[in-house]
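Notes to accompany the following structure.
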Amino acid sequence: MNYFSSNFKLGILGGGQLGKMLLYNTRKFDIYTCVLDPSNEAPSKIACDEFYQGDLMDYETVYNFGKKVNTLTIEIENVNIEALKALEKEGINVYPSAKTLESIQNKAKQKLFYVDHNLPTSNFSRYAYKDEILTAIKHETLDFPFVWKSAQFGYDGNGVKIVRSHSDLDDLPNVECITEELVPFKNELAVIVARNVKGHVKVFPVVEMEFHPEANQVEYVICPARISEEVAKKAEFIALKTSAAFEHVGLLAVEMFQTQDDEILINEVAPRPHNSGHQTIEANYTSQFEQHIRAILDLPLGSTANKVGGIMVNLVGAEGHTGEVFYENIETIMEMDGVTPHIYGKKQTRPFRKMGHVTIVHEDINEARKIAQEVKQKIKVISK
Ligand code: ADP
């Protein structure tokens, strides 16, 4: 199949920043694209060939959109799976497949998948309603502390809560959920695996994630991770095993915990470009976005090696600021060597909203980490 400067059409469900960064690469290759997103101001709108506004969870909307394209991919997991199944039956290539998405969309199903495939993950229990948690605590089958996770529709930490006492349960919604053992981890790591239609696989170097203590959002992504060769090998091995179990096509980002005794536990996976791979745009031979396009079109996968050390700092809306966005001191950080801001194109900021990111590249990762901290202290996402 010829994708380059041809009649081939690639559809993307979701038009957020991940979609926008995928589109830099379809532009590079001159591949025709269609995007569906609920917002008429989606970041991807300016970079695709055809834009459609519509609900990603609605069967008809997703089905009708999918019928317009040859290959369909996603940049968000919350899409109508039944529509994807119907499209697959009619010969549209859907990557990741409906089956992969189905095992991932619901966190309870995702945890069961790990157990079924003998993949290491923290112990957990499933509950249909919040009341069942209260009963489990009463009967002492569940002890504090634990981590509560909404089974569906959580993202960027908003469907996750560490529960240490009864009072922490008060504002949890009454929805299907899981509880997990609280892992006292040393590090949070992530590995992105790319797998093309033929099943060829390439793995990106392990990254280390530093989280914001309150917002539960990643503050720094550091690549290569400052961990031993042995732990890196283990993380890579488990990511590859996870990839083989899912048989996904496209990227699979595997988020993991490094425990106190250097075991690796899988936290969760995402079958798409991921926040932990943004630095690959500047720091690696092939970016995660280009690699996703290569994988879903069954093209040769590119080298995943780092050209240089890379750190990503998320640009999130400052607390106390809601309204039209202004990037304070953006020019100051642009004066620094190896610093590149990415602005997603969301016009309105609100506390902790992901508005962009900054990549810092340097030969020495410890030096890069120092610069990253300076960047973080200088640039502020505020309202005008
Ligand atoms: P989301 O899908 O919103 O990204 P995650 O499942 O990745 O949610 O959880 C968000 C963060 O919460 C994790 O990155 C980690 O810092 C913390 N967390 C999640 N599960 C556990 C756990 N079992 N033990 C300790 N911390 C956890």
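The values are calculated or read from the model by the stated rules, or taken from the named source; none is laboratory data. Here the structure is a predicted model, which means the values were calculated and not measured. Cβ sites come from the backbone with ideal geometry, for glycine too, and all protein chains shown count toward neighbours.
Starting from the stretch 17-31, take each residue that is under 15 Å from residue 295 (Cα atoms) and list its partners that are of a type in the set (Val, Ile, Thr), counting only C-beta distances under 6 angstrom and pairs at least six apart or across chains. Between residues of the stretch 17-31 that are under 15 Å from residue 295 (Cα atoms) and residues that are of a type in the set (Val, Ile, Thr), the close pairs are 25/293; 26/33.
Return a yes/no flag: does the stretch 191-205 have any residue that is within 28 Å of residue 318 (Cα to Cα) and within 16 Å of the ligand (Cβ to nearest atom). Checked the stretch 191-205: no residue is within 28 Å of residue 318 (Cα to Cα) and within 16 Å of the ligand (Cβ to nearest atom). Looking at 87, 72, just one residue is under 20 Å from the mean Cα position of the chain (by Cα), crowded, with 16+ Cβ neighbours inside 10 Å and closer than 27 Å to residue 44 by Cα, and that residue is 72. For the stretch 286-351, no strands (runs of 3 or more DSSP E) sit wholly inside it while including 2 or more residues that are under 17 Å from residue 376 (Cβ atoms), among the basic types (Lys, Arg) and in contact with a Pro (Cβ under 7 Å, 6 or more places away or on another chain). For the stretch 199-219, the count of residues that are among the aliphatic types (A, V, I, L, M), more than 20 Å from the chain's Cα centre (by Cα), surrounded by 15 or more Cβ atoms within 10 Å (Cβ to Cβ) and not in a strand (DSSP E or B) is zero. The condition (being in contact with a Gly (Cβ under 9 Å, 6 or more places away or on another chain), more than 24 Å from residue 211 (Cβ to Cβ) and at pLDDT 95 or above) is satisfied by just one residue among 331, 290, 324, 367: 290.
Against the numbered list (1) at pLDDT below 90; (2) in contact with an Asp or Glu (Cβ under 7 Å, 6 or more places away or on another chain), residue 187 comes up short only at (1). Scanning the stretch 41-69 for residues that are in contact with a Ser or Thr (Cβ under 9 Å, 6 or more places away or on another chain) and either surrounded by fewer than 15 Cβ atoms within 10 Å (Cβ to Cβ) or part of a loop (DSSP other than H, G, I, E, B) (or both) returns 47, 48, 49, 50, 54, 55, 69. In the stretch 45-91, of all residues being within 17 Å of residue 250 (Cβ to Cβ) and among the polar types (S, T, N, Q), the one that is modelled with the lowest pLDDT corresponds to 78.
For the stretch 152-189, the set of residues classified as within 6 Å of the ligand (Cβ to nearest atom), hydrophobic (A, V, I, L, M, F, W, C) and closer than 19 Å to residue 137 by Cβ consists of 160, 182, listed by residue number. Restricting 214, 210, 219, 255 to residues that are of a type in the set (D, E, K, R), within 16 Å of the ligand (Cβ to nearest atom), within 25 Å of residue 316 (Cβ to Cβ) and at pLDDT 95 or above narrows the list to 255.
Under 9 Å between Cβ atoms, which residue pairs at least 6 apart in sequence (or on different chains) link something in the stretch 139-168 that is basic (Lys, Arg) with a partner that is loosely packed, with under 11 Cβ neighbours inside 10 Å? Between residues of the stretch 139-168 that are basic (Lys, Arg) and residues that are loosely packed, with under 11 Cβ neighbours inside 10 Å, the close pairs are 161/171.
In the set (1) within 16 Å of the ligand (Cβ to nearest atom); (2) modelled with pLDDT of 95 or more; (3) under 16 Å from the mean Cα position of the chain (by Cα); (4) among the hydrophobic types (A, V, I, L, M, F, W, C), the condition left unmet by residue 249 is number (1).
Checking each residue in the stretch 107-151 for being assigned to a loop (DSSP other than H, G, I, E, B) and more than 12 Å from the ligand (Cβ to nearest atom) picks out 117, 118, 119, 120, 128, 129, 139, 140, 141, 142, 143, 144.
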